[in-house]
1. Name the residues in the stretch A:85-100 that are more than 10 Å from every other protein chain (Cβ to nearest Cβ) and buried (at least 23 other Cβ atoms within 10 Å of the Cβ), would you?
2. Could you figure out which of (1) within 14 Å of chain A (Cβ to nearest Cβ); (2) closer than 20 Å to B:Gln226 by Cβ; (3) among the acidic types (Asp, Glu) isn't true of B:Asp168?
3. Here is a list: A:Arg112, A:Arg58. Which entry is in a strand (DSSP E or B) and either open to solvent by 20 Å² or more (accessible area, probe 1.4 Å) or more than 8 Å from chain B (Cβ to nearest Cβ) (or both)?
4. Quick check on the stretch B:264-300: of everything there that is crowded, with 21+ Cβ neighbours inside 10 Å and among the acidic types (Asp, Glu), which residue is farthest from B:Ala144 (Cα to Cα)?
5. Taking the condition of being within 8 Å of chain B (Cβ to nearest Cβ) and either among the basic types (Lys, Arg) or open to solvent by 50 Å² or more (accessible area, probe 1.4 Å) (or both), how many residues in the stretch A:120-136 meet it?
6. Go through the stretch B:242-263 and count every residue that is open to solvent by 30 Å² or more (accessible area, probe 1.4 Å), in contact with a Lys or Arg (Cβ under 6 Å, 6 or more places away or on another chain) and away from chain A (no Cβ under 14 Å).
7. Condition check: in contact (Cβ under 8 Å) with a residue 60 or more places away in the chain and facing chain B (nearest Cβ under 7 Å). Does A:Leu139 satisfy that?
8. Could you please find all residues in the stretch A:61-84 being more than 7 Å from chain B (Cβ to nearest Cβ) and under 20 Å from B:Arg252 (Cα atoms)?
Amino acid sequence: MRHRVVETLIAWVVVAITFGCTPPQPTPDLLAPTDAQMKIRSIQTHSFDVKDRQTAMRGVIAALQDLGFIIERANESLGLITAARFAEPNFYDIVGISVTIRSETDGRTTIRANAIYNNKPIEDPKVYQNFFATLERSLFVVKQ
Amino acid sequence: MRKKSASGVIASLRGSTYGLSKRLFRQAIGGRVKTVYASLLRSLRPCSRNGASWRAEVGRVRSLAFLSCPAWRFNAVSHLDIHDGFRSEHKFFRSLLGSIGGMMPRWSVAAGAIVMAMGLMGCVAQTHPQDLFQLQEESLRNRAMQTRVFETKDEAELLSASAAVLQDLGFQIEESVREVGFLRAAKERSAREYGQDISRFGIFVLSTGLIFVQQPPIIIAVDLHQKIAATLVTRPINADATRQEVRVVFYRVVWKGDGSAGNQSIAPGEQRMEMLRDPVMYQTFFAKLSKAVFLEPFAL
């Protein structure tokens, strides 16, 4: 009887040690792009027929201000804009967005936007569609 | 003007009512299952920021706190007074509930608080992020209020004049990017208001009756400190850049002092943020700016 108890104990200890000691092996494709990542990137990226990067930046700033965002930071040389706003009507939730603007060789400008809602990334395609629709309108006004 | 401020009032009222149910709940429970209830509430409404300690908040606020509001108390007063009226009303409501809490058995208050909290959670409007990226009805109105057009070619001059006006108004310039015509400025000021101190005292006196049921009187938290911020952007609006548009946005963050409700003390540093949408404030700013650049601005 006593032997049995000791055996069981040892068996449990062995099991515990084995589980504790085997770290999950990282798979070779740990850092490889997944389908979901590619999809989000394509949702967040939009290309516009604007040659001048500065014009595009001003257009983005104007669009964000129209949407009620507070511009936090703008960096001309990097083509980077950070903005945030409260999720009105409640003033405790914050929506943040960072936009990067890059000139392409073919005279177009690629704009990528990342939005977060209180520290959680927004992955809803509709949000980005709305943003780019507003941006398009704003860029069009600038061009005139 | 009154109408516009009202939206802000409702927002702050909503937020604080939620805090009220929390506090009442905490008081009723006696603070013992505080962590459980806190995590429960968090899981129910993961986004609420109300009632969290300043330390916990500070990182998040820093992202927005770079903006600060005006020493133009004379302008802000009308705006703030409306808030104050609403606030003191609801504080009275809070004290009333607190005194009821002192007279009823604890379990019944707890049950009531749960029901109330559930009701309130259902009522607080949650904006979906997708709505936030869509132009609203008031977007155009805000834009018209915040924007003026100047007939000038010299964008740099306009930007430096804007910086000078912001400095005249007591702002510190925190960031500037000439290439895209961007300025960010902030200032910190006291947010003390007599009305709040008076209602704090009144509620303290009214709630002294609570000592008969072995509860300490209620001390409400008042606004202590505020940071008022402005972001300003200039941009040419026609092809040969002879017309420049200036757009300025103001907002503020308010920090509250400490207080207590029942045996539970309210930690200082609870904060509230709001966009400033008082047209007079913007008119004052643009009047000063047009004087500074010797140009007559016109609205869109």
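The values are calculated or read from the model by the stated rules, or taken from the named source; none is laboratory data. For clarity, every value in this text was computed on a predicted model and none was experimentally measured. All Cβ positions, glycine included, derive from the backbone under ideal geometry; neighbour counts span all protein chains shown. Surface accessibility is based on the protein's heavy atoms, side chains included, excluding ligands, DNA and RNA. Shrake-Rupley method; radii C 1.70, N 1.55, O 1.52, S 1.80 Å.
1. Listed by number, the list holds a single entry, A:Val99.
2. If we test B:Asp168 against (1) within 14 Å of chain A (Cβ to nearest Cβ); (2) closer than 20 Å to B:Gln226 by Cβ; (3) among the acidic types (Asp, Glu), just (1) comes out false.
3. Just one listed residue meets the conditions, A:Arg112.
4. Selected residue: B:Glu270.
5. Adding up the residues that qualify gives 2.
6. Summing the residues that are open to solvent by 30 Å² or more (accessible area, probe 1.4 Å), in contact with a Lys or Arg (Cβ under 6 Å, 6 or more places away or on another chain) and away from chain A (no Cβ under 14 Å) in the stretch B:242-263 gives 0.
7. No, not satisfied.
8. A:Leu64, A:Phe69, A:Thr82, A:Ala83, listed by residue number.
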